[in-house]
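**Q** The following block contains the structure, expressed as structure tokens.
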2 protein chains.
Amino acid sequence: MTTPTTTPRACSVANALEVVGDRWSLLVVRELFFKAHRFNEIAANTGAPRDILTTRLRKLEEVGVLERRAYSSSPPRYEYHLTDAGRALSPVIQALRQWGDDFVTEGPPPAVFEHDCGHPFVAVLSCRACGAAADRGSLHLQH
Amino acid sequence: MTTPTTTPRACSVANALEVVGDRWSLLVVRELFFKAHRFNEIAANTGAPRDILTTRLRKLEEVGVLERRAYSSSPPRYEYHLTDAGRALSPVIQALRQWGDDFVTEGPPPAVFEHDCGHPFVAVLSCRACGAAADRGSLHLQH
DNA sequence: GAGGTGGGTTGGTTCTTCCAACCGAGGTAG
DNA sequence: CTACCTCGGTTGGAAGAACCAACCCACCTC
């Protein structure tokens with residue numbers, strides 16, 4: 001551990017955060033999951049300032065998280081939709097939601113999801129190979 | 001959906017992001033998972049400016065994500081450790097790492113984790129009740 | 001007593017965000 | 001045909017946050 005670094009640690013977490021680690025991007029992605037696809041909806045539901053929202057949408061499009069689709073051309077109007085990369089952010093959103101539910105939101109969670117199995121959805125992170133939950137201590141760095 | 005909102009959507013994701021949704025906080029948490037507990041280590045490994053790091057550490061302490069422990073008193077020196085709430089961020093970090101590995105980091109992932117089961121760890125989000133992976137489409141909002 | 005270590009502060013500059021107002025193409029009501 | 005509304009932005013200016021380099025102080029080692 002703690003390789004004597006002068007430059008920050010090379011890390012996929014940091015790389016991911018460079019793309020979606022600002023105040024609004026993940027809220028935009030959340031809205032797209034909630035099927036709010038239009039500029040005004042996203043602006044209203046996130047509370048993001050419109051100019052910032054414009055630059056975020058452009059950036060997220062550029063990095064391939066979402067795509068812009070014209071739904072009208074005569075006055076050019078666009079909708080925003082998640083790409084595969086964007087949809088792959090679902091675990092990030094759900095993990096944040098779960099943590100927010102458990103540790104920051106007061107009272108009952110504002111939105112409750114139901115899994116196909118019929119139970120209220122409580123997110124757990126598990127190992128794809130064995131299916132067991134990735135508890136603390138069950139992960140080690142390979143070197 | 002799309003209840004005619006004038007205020008932003010009430011949401012645990014937003015609440016979580018208000019606490020850890022800035023540029024450095026999750027990197028700090030990552031470092032604590034990596035067992036870098038001292039100010040200088042965290043500063044070097046994240047690349048965060050020292051003054052910003054100070055205010056982030058104070059804020060994260062205040063909201064209960066980490067705690068500050070004196071390891072020397074004569075010149076007062078401190079270490080930072082995750083609380084239970086902080087350790088509960090593990091799924092968020094792992095989900096971000098997985099997404100970074102899959103969609104933004106070029107080449108092989110810089111850090112490979114191994115699960116206790118012996119396989120390289122690939123993070124999957126699943127339902128605590130039934131254990132099945134929470135694929136896209138398997139979740140619905142309860143109303 | 002010179003220099004290093006650890007955990008910060010401080011001052012000054014730059015960068016980003018934020019807000020309110022505006023815009024232009026088109027559709028709609030009257 | 002005129003007035004007004006919608007949609008998806010853009011613009012200017014003020015305020016705040018981030019950033020960087022330098023400094024600080026108690027202690028420890030050489």
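Throughout, read-outs are computed from the coordinates displayed, never taken from laboratory work. Quick caveat: nothing in here was measured; it's all calculated off a predicted structure. When we count neighbours, we look across all protein chains shown, and the Cβ atoms used for this are built from the backbone with ideal geometry, even at glycine.
**Q** Give me the distance between the Cα centres of the range A:1-73 and the range A:100-131, rounded to whole Å.
**A** Using only Cα atoms, the two centres lie 23 Å from each other.
**Q** Taking only C-alpha pairs under 8 Å that are 6+ residues apart, what is the relative contact order of the range B:12-88 in percent?
**A** With pairs under 8 Å counted, the relative contact order is 28 percent.
**Q** Related question: With charges only on Cβ, +1 for K and R and -1 for D and E, what is the dipole size of the protein assembly as shown about its Cα centre, in debye, rounded to 20?
**A** Computed about the Cα centre, the dipole is about 480 debye.
**Q** Given an 8 Å cut-off on Cα distances and at least 6 residues of separation, report the relative contact order of chain A as a percent.
**A** 15
**Q** Under the convention of a label 7 Å out along Cα→Cβ, give the distances in nm from B:D51 to the same position in every other copy, shortest first.
**A** B:D51 label point versus its equivalents elsewhere: 2.5 nm.
**Q** OK, next. So which residue, out of A:E62, A:E31, A:E18, gets the largest mean-square fluctuation from a GNM of chain A using Cα contacts under 10 Å as springs?
**A** Looking only at A:E62, A:E31, A:E18, the biggest GNM fluctuation is shown by A:E18.
**Q** Here's something else I'd like to know. Mean Kyte-Doolittle hydropathy of 1.0 or higher plus an axial Cα length of 27 Å or more: which whole DSSP H helices in chain A meet both?
**A** none
**Q** With the dipole of the protein assembly as shown worked out from charges on the C-beta (+1 for Lys and Arg, -1 for Asp and Glu) around the Cα centre, which of B:T6, B:S90, A:G118 lies farthest toward the positive end?
**A** Farthest towards the positive pole: B:T6.
**Q** Another question, if that's okay. Can you compute the charge dipole magnitude of chain A about its Cα centre, using +1 on each Lys and Arg Cβ and -1 on each Asp and Glu Cβ, nothing else charged? Give it in debye, rounded to the nearest 20.
**A** About 380 debye.
**Q** Given A:K35/A:K59; A:K59/B:K35; B:K35/B:K59, which pairs have Cα atoms separated by over 31 Å?
**A** Violating the 31 Å Cα-Cα cut-off are A:K59/B:K35.
**Q** Additional query: If you place +1 on the Cβ of every Lys and Arg and -1 on the Cβ of every Asp and Glu, how big does the dipole about the Cα centre of the range B:41-101 come out, in debye to the nearest 20?
**A** 100
**Q** So which cysteines of chain A have no other cysteine's Cβ under 4.7 Å from theirs?
**A** A:C11, A:C127
**Q** Residues of the range A:19-38 with amide nitrogen under 17 Å from the 7 Å Cα-to-Cβ point of A:A70?
**A** Under cut-off, by backbone N: nothing.
**Q** Once you've got the GNM for chain A with C-alpha springs shorter than 10 Å, pick whichever of A:A44, A:A95, A:A111 has the biggest mean-square fluctuation.
**A** Residue with maximal mean-square fluctuation among A:A44, A:A95, A:A111: A:A111.
**Q** Show that you can apply the helix-only estimate: for chain B, add -39,500 (n - 2.57) for every DSSP H stretch of four or more residues, divide by all residues, and state [θ] at 222 nm to the nearest 500.
**A** Mean residue ellipticity at 222 nm (helix-derived): -10500 deg cm²/dmol.
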